[in-house]
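The values are calculated or read from the model by the stated rules, or taken from the named source; none is laboratory data. Note that the coordinates shown come from a computational prediction; the quantities given were computed from them, not determined experimentally. Cβ atoms come from the backbone with ideal geometry, glycine included; neighbour counts cover every protein chain shown. In case anyone asks, the SASA skips ligands and DNA or RNA and just uses the protein heavy atoms, side chains included. Shrake-Rupley method; radii C 1.70, N 1.55, O 1.52, S 1.80 Å.
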Amino acid sequence: MTLPRSAHTSRPWLIHELAPDFRLEDVWALPARGGPDDFPRLVRAFAALDPARGSSRLSRLLFAIRLRAGELLGWDGEDGGLGQRVPSLRDRLPEVLRHDPAHLPDVSPFSPVYLLDDELAVELANRTVHGVLHVGWVPDGEGGWRGQMAVLVKRNGLLGHAYMAAIAPFRHLVVYPPLLRDVGRAWDEEGEERRPAVA
């Protein structure tokens, strides 16, 4: 389910300080509800996802087409990515948060930026965009907590603007709905794995 932009912008997230030059594209409610200390479970659920092996055949096909187009058009070469075309947002972190990224979750194909008690930010960059996926854990207004996801993008010139315009309907109709279902499935599996066995 999509959420109003204010669901993201009204929260005191660190990402606002790090990426004021990025455009907020989407905010989504995640099918993950729990208590105040359940954010690590959501992070593990995200880390378990693989967009190339998602539950939707159509989404997997689009992902494969995008990868092939990136190869043919040279969008995804190392010289167009993080540390080459654009610096990582990790360079903008306060010194106290610049710990070894090896301690951060692997959320491939993204690179980790930071992990706090209630938010995770990961990024990727290519010739078209520099994108950030932000996952947060917020009160649900009913005494519980829930996950939400925001997508922030910094477009690379005309190519980036054309690319984002072209993929917008696919993101909303084909990519995000099955992704959210996969998050919900991974969330449930995480809960099952950590539930004490009944003697």
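Structure above, values below:
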item: Where Leu104, Leu82 fall by accessible area, highest first, once all protein chains stay in place (1.4 Å); result: Leu82, Leu104
item: Inter-site label distance for Arg11 and Asp50 at 7 Å from Cα along Cβ, in nm; result: 2.8 nm
item: Loop-located GluC sites (Glu not before Pro) in segment 96-178 whose Cβ has at most 11 other Cβ within 10 Å (DSSP); result: Glu142
item: Förster radius 45 Å - calculated FRET efficiency between Arg185 and Asp21 (Cβ-Cβ, nearest 0.05); result: 0.85
item: Rounded accessible area per residue of segment 105-199, 1.4 Å, Å²; result: 48 Å²
item: Calculated FRET efficiency for the pair His172/Asp140, C-beta based, R₀ 22 Å, to 0.05; result: 0.40
